[in-house]
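Undergrad: Pasting a structure here, questions to come.
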Amino acid sequence: MSAQTPQTTRRLAAPDIMKRKGGEPIVCLTAYDAPTAALLDDHCDLLLVGDSVGMVVHGMPNTVGVTLDMMILHGQAVMRGSKRAMVVVDMPFGSYEGGKEIAYENCARVMKETGAQAIKLESGPTVPETIAYLVQRGIPVMGHVGLRPQAVLTEGAFKAKGRTDDERLRVIAEAEATADAGAFAVVIEGTAEGVAREITEVIDKPTIGIGASAACDGQILVTPDMLGLFDWTPKFVRRYADLRGEIDRAVASYAEDVRARRFPAEVETYFSKKHVTP
């Protein structure tokens, strides 16, 4: 007789997210470490291990330098810290553009080594074919259209999309191709409201907006941005806290206490055990 498997909390998966199309908005945030993932888990439907980790954690100027090993390391940490939310790992620049077979090998490695429920690809013109190839082989894929951070070197800067007729048609076509290829959801980043609304209306998969208006089926933000860890944030970010100020005040108080020898105090100090005479 086999041993009983302990009951665990069931994680949300791609079918759960797809069912939310047109329903209750999907709550998403980025996560890069176990403690943060544990704090976000009760409130979020989906945690994205974004390649934004390169900029907000490792201090890189953009996401191009992020490696597959970095994404796997952070994906493992987020999986350890969370229990309920679906975890999606970004595939970094250069890990999926070299052909369907290479993309599958790298995506399968991420899925195996992290235990995540899906991966995300930035959906350029050649990517839908890769998405279809991956989905047919059992890998759930989230797409990403509009402003694509991995294309920053060809774009020259991070610029909002969909503000001209040509851009509108291109972004909508990429979103439709991404959904038709089998992506279970599509992130729309930095895109004009009308375009995001049109995409949300015409595709049958949930859209997750980041700088793409409230017209989307869900929203995602980079967690350190919305928590106020940086002195500058993009236009589309609402700061829900000022952790930068709180951390600065806390560290200043600590430094002052150390210099004044107020820390550590007696309550924070270990002493030798007293010997009792018989």
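Undergrad: Under 6 Å by Cβ, and 6 or more places apart or on different chains, what pairs join a residue from segment 161-178 that is farther than 10 Å from S123 by Cβ with one that is open to solvent by 40 Å² or more (accessible area, probe 1.4 Å) and at pLDDT below 95?
TA: The qualifying pairs are K161/E167; G162/R168.
Conditions (1) under 22 Å from the mean Cα position of the chain (by Cα); (2) surrounded by 11 or more Cβ atoms within 10 Å (Cβ to Cβ); (3) among the β-branched types (V, I, T), marked per residue:
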| site | (1), (2), (3) |
| --- | --- |
| V187 | yes, yes, yes |
| G190 | yes, yes, no |
| K205 | yes, yes, no |
| A215 | yes, yes, no |
| I220 | yes, yes, yes |
| L227 | yes, yes, no |
| A252 | no, no, no |
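Undergrad: Could you please give the count of residues in segment 25-69 that are farther than 21 Å from W232 by Cβ, touching a Phe, Trp or Tyr at 6+ places or on another chain (Cβ under 7 Å) and hydroxyl-bearing (S, T, Y)?
TA: Final tally of qualifying residues: 0.
Undergrad: Hey, can you tell me all the residues within segment 34-43 that are more than 20 Å from V110 (Cβ to Cβ) and either part of a loop (DSSP other than H, G, I, E, B) or small (G, A, S) (or both)?
TA: A38, D42, H43, listed by residue number.
Undergrad: Another question about this same structure. Does any residue in segment 195-222 that is farther than 27 Å from A241 by Cα and of a type in the set (S, T, Y) come within less than 6 Å, Cβ to Cβ, of a residue that is part of a loop (DSSP other than H, G, I, E, B) and open to solvent by 10 Å² or more (accessible area, probe 1.4 Å) six or more places away or on a different chain, and which pairs are these?
TA: From residues that are farther than 27 Å from A241 by Cα and of a type in the set (S, T, Y), the pairs are T200/A215; T200/C216.
Undergrad: Let me ask another. Could you figure out which of (1) among the small types (G, A, S); (2) in contact with a strand residue (DSSP E or B) (Cβ under 8 Å, 6 or more places away or on another chain); (3) farther than 13 Å from L29 by Cα isn't true of A250?
TA: Every condition holds for A250 apart from (2).
Undergrad: Another question, if that's okay. Under 7 Å by Cβ, and 6 or more places apart or on different chains, what pairs join a residue from segment 241-255 that is in a helix (DSSP H, G or I) with one that is loosely packed, with under 12 Cβ neighbours inside 10 Å?
TA: Final answer for the pair search is R244/D231.
Undergrad: How many residues does segment 44-60 hold that are aliphatic (A, V, I, L, M) and in a loop (DSSP other than H, G, I, E, B)?
TA: Matching residues across segment 44-60 total 2.
Undergrad: Of (1) in contact with a helix residue (DSSP H, G or I) (Cβ under 8 Å, 6 or more places away or on another chain); (2) outside any helix (DSSP H, G or I); (3) open to solvent by 40 Å² or more (accessible area, probe 1.4 Å), R10 satisfies all except one. Which?
TA: Here R10 meets the rest and fails (1).
Undergrad: Quick check, is V66 open to solvent by less than 30 Å² (accessible area, probe 1.4 Å), within 13 Å of the chain's Cα centre (by Cα) and within 23 Å of R148 (Cα to Cα)?
TA: No; evaluated as a whole, the condition is false for this residue.
Undergrad: Quick one: is L12 modelled with pLDDT of 95 or more, under 13 Å from the mean Cα position of the chain (by Cα) and closer than 19 Å to A118 by Cα?
TA: The answer is no for L12.
Undergrad: Let me ask something additional. State the number of residues belonging to segment 126-142 that are part of a loop (DSSP other than H, G, I, E, B) and β-branched (V, I, T).
TA: Adding up the residues that qualify gives 2.
Undergrad: Here's another thing I want to ask about it. Picking from V171, V145, which residue would you name as being open to solvent by less than 10 Å² (accessible area, probe 1.4 Å), under 26 Å from M55 (Cα atoms) and part of a helix (DSSP H, G or I)?
TA: Of V171, V145, the one residue that is open to solvent by less than 10 Å² (accessible area, probe 1.4 Å), under 26 Å from M55 (Cα atoms) and part of a helix (DSSP H, G or I) is V171.
Quick grid of which residues meet (1) surrounded by fewer than 15 Cβ atoms within 10 Å (Cβ to Cβ); (2) of a type in the set (D, E); (3) assigned to a helix (DSSP H, G or I):
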| site | (1), (2), (3) |
| --- | --- |
| G23 | yes, no, no |
| Y32 | no, no, no |
| N62 | no, no, no |
| I72 | no, no, yes |
| K83 | yes, no, no |
| E97 | no, yes, no |
| E101 | yes, yes, yes |
| M111 | no, no, yes |
| G124 | no, no, no |
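The values are calculated or read from the model by the stated rules, or taken from the named source; none is laboratory data. Computed from a predicted structure; not experimentally measured. Here Cβ is always computed from backbone atoms with ideal geometry, including for glycine, and neighbour counts include all displayed protein chains. Surface areas here come from the heavy atoms of the whole protein model, side chains and all, with no ligands, DNA or RNA. Shrake-Rupley method; radii C 1.70, N 1.55, O 1.52, S 1.80 Å.
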